[in-house]
Amino acid sequence: MNGASPSTLLVDGDYASWRSQALLALAAGWTPEAVTWVERDSIISVTPAQMPLDYPTTAPVVCDARTRGAGAHSDSIGLRVSISSTLASLLQDAALYRSPQRWALLYRVLWRWWHGDRAVASAADEDGARLHTMARSVRRAKHDMIAYVRFHRRGGAGMPEYLAWYEPEHDVLAYAAEHFARRMGTSSWWIGTPQGAALWDGAALQLSAVSGDAATIRADAAVDEVESLWLAYYKSTFNPARLNEMALHQHMPVRFWKHLPEGPLIPAMIADARSGARRVAQASAVRTMTGKQVAVDAQRARPSRPIPSSLDECRRCELWRNATQAVPGHGPETARMMLIGEQPGDHEDLTGRAFVGPAGQVLDEALRRAGVPRDAVFLTNAVKHFKWIAHGKRRMHKTPAQREVHACAHWLEQELARVRPAVIVTLGATALGAVLRRNVNLQDYLHAPVRLGDAWLIATWHPSYALRVDGAAAREAIVAAIGKAVACGRQLATAAVDAH
Ligand code: URA
């Protein structure tokens, strides 16, 4: 056995497959750092030469708290791992979390547990905290799928009686399918998702990785004879005078509306209720006034959400729902330079630290070239939660909407007030708009620093723009902007000394 040999382990995308690989790796003594986890469907081919020589060829006895009985079978390696039932269920849930890093984290946790480090199962531990957060997010996705799948009656010759289309946040299709199989008795149904499908023929459940042509299936799933009755009923029970938008959004988040037959009706009903409420509120005052009528901006008229006491509890927009955690800014409170990005990416979301992924590497390089130590600057983002959409198994960045930037402005303002940087460098258009509090054209601000109260504001490209366009020019511009920021900071410091 060779604990240091770098090894690539393939996972078939589920907990059972990871577990058998993880036990082989434990048996071989491979440290978490020596193992690379790869999803089988993201691999083109693996040649025998890439397989490590000391890869164990016989299966070890695999045993966790839930499968202790099963662990008593064959045992050629003699490895036995007993874990608590709490840790077993955390691992099983976290295995359904859609992130390429999940298998590595699970293995690190198992490795530490195996070496006697029980703290790893605690939410107070760094790995444990991530595991708990991922498991929690998966449990929420399970609950959501059961609550928001809508079946449409179909039942042509050779077809299931009910069809549904749903886009789950994590790999929870199998869990939900088992739930519906128990609940719907002998009625046959099919649930399609972008990642796979489940078919219940009234007696047996089949899960498949291919869901067919999503557009056709979605169109098919939308046809339903009883739907028009349901929509008429839903409209008739909606009472605009009692609309509580916050509660509505909390109980039925916007991202599920598209799966619900009543979903398309909701925005218009809310708009009607809002304008109705405004008319009633204004009517008595307006009746007594002369002069022209002034239109009220609906966005401004809406009461703003309360400010929570901590960023972790922030619910001022919906982004917290799909994020692992909020990512605050970090750096010395005395920093003279603050760099502001757009929002955390996949790595930042999982680690809770700003700029630690690929964009962070571009930024690190730019700071290094400009001669600025990373730990001398304060790094943060305009938006503190990761906004993403699922692309297969990947979480792809999605630009935050204006209202999300606006909802998060409170936290950025707090950081600016605390650090009071002499120079602010905004990376990309979102950060620039957040600092200036309006929609601006980045190109208009690229060439010269702007005064912003006591500070200088210097705008430049976002590092991920440099990654996207493979742009040497964008990288140079970021280095130059940081260099300019250093010069502006010096100039301010000299001016301050002169003034005394
Ligand atoms: N992109 C950002 O804008 N911020 C990060 O922290 C990471 C990527």
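The values are calculated or read from the model by the stated rules, or taken from the named source; none is laboratory data. Since we're looking at a predicted model, the values are computed, not measured. With ideal geometry, Cβ positions are generated from the backbone for all residues, glycine too; neighbour counts draw on all protein chains shown.
Residue count for the stretch 170-199 satisfying the condition of being in a loop (DSSP other than H, G, I, E, B), in contact with a helix residue (DSSP H, G or I) (Cβ under 9 Å, 6 or more places away or on another chain) and at pLDDT below 90: 4.
Of all residues in the stretch 328-363, those being farther than 17 Å from VAL419 by Cα and among the aliphatic types (A, V, I, L, M) number 5. All told, LEU105 meets the bar of being surrounded by fewer than 22 Cβ atoms within 10 Å (Cβ to Cβ) and modelled with pLDDT of 95 or more. Listed by position, the strands (runs of 3 or more DSSP E) inside the stretch 400-500 whose residues that are of a type outside the set (A, V, I, L, M) and within 30 Å of the chain's Cα centre (by Cα) number at least 1 are 423-427, 455-460.
Let's see how each residue does on (1) at pLDDT 95 or above; (2) basic (Lys, Arg); (3) crowded, with 22+ Cβ neighbours inside 10 Å:
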| residue | (1), (2), (3) |
| --- | --- |
| GLU365 | yes, no, no |
| ILE389 | no, no, no |
| HIS397 | no, no, no |
| VAL425 | yes, no, yes |
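Of all residues in the stretch 352-366, those that are part of a helix (DSSP H, G or I) have Cβ atoms under 6 Å from Cβ atoms of residues that are small (Gly, Ala, Ser) and within 7 Å of the ligand (Cβ to nearest atom), 6 or more apart or on another chain, in ALA359/SER464. Across the stretch 138-153, a minimum of one residue is classified as within 17 Å of LEU106 (Cβ to Cβ) and either in contact (Cβ under 8 Å) with a residue 12 or more places away in the chain or in contact with a helix residue (DSSP H, G or I) (Cβ under 6 Å, 6 or more places away or on another chain) (or both). Evaluated against (1) under 20 Å from MET337 (Cβ atoms); (2) out of contact with any Asp or Glu (no Cβ under 7 Å at 6 or more places or on another chain); (3) within 16 Å of the ligand (Cβ to nearest atom), VAL469 falls short on exactly one condition, (1). When you scan the stretch 475-482, do you find a residue that is touching a Pro at 6+ places or on another chain (Cβ under 8 Å) and closer than 17 Å to PRO421 by Cα, even just one? So far as the stretch 475-482 goes, no, none of its residues is touching a Pro at 6+ places or on another chain (Cβ under 8 Å) and closer than 17 Å to PRO421 by Cα. Residues in the stretch 367-386 that are in contact (Cβ under 8 Å) with a residue 12 or more places away in the chain and loosely packed, with under 15 Cβ neighbours inside 10 Å were compared, and the one that is nearest to the ligand (Cβ to nearest atom) is ASP375.
Being in a loop (DSSP other than H, G, I, E, B), out of contact with any Gly (no Cβ under 8 Å at 6 or more places or on another chain) and modelled with pLDDT of 70 or more, is that true of even one residue in the stretch 271-282? Among the residues of the stretch 271-282, not one is in a loop (DSSP other than H, G, I, E, B), out of contact with any Gly (no Cβ under 8 Å at 6 or more places or on another chain) and modelled with pLDDT of 70 or more, which makes the answer no. Close Cβ contacts (under 8 Å, 6 or more residues apart or on different chains) running from residues in the stretch 161-179 that are under 20 Å from PRO100 (Cα atoms) to residues that are among the basic types (Lys, Arg) and in a loop (DSSP other than H, G, I, E, B) comprise GLU169/ARG98; HIS170/ARG98; ASP171/ARG98.
Residue count for the stretch 322-346 satisfying the condition of being within 12 Å of the ligand (Cβ to nearest atom), outside any loop (DSSP other than H, G, I, E, B) and buried (at least 22 other Cβ atoms within 10 Å of the Cβ): 3.
So is THR351 on the phi < 0 side of the Ramachandran plot and crowded, with 19+ Cβ neighbours inside 10 Å or not? Considered against the rule, which asks whether it is on the phi < 0 side of the Ramachandran plot and crowded, with 19+ Cβ neighbours inside 10 Å, THR351 comes out as no.
Taking the criterion of being within 15 Å of the ligand (Cβ to nearest atom) and within 22 Å of ALA366 (Cα to Cα), the residues of the stretch 398-434 that qualify are ILE424, VAL425, THR426, LEU427, GLY428, ALA429, THR430, ALA431, LEU432.
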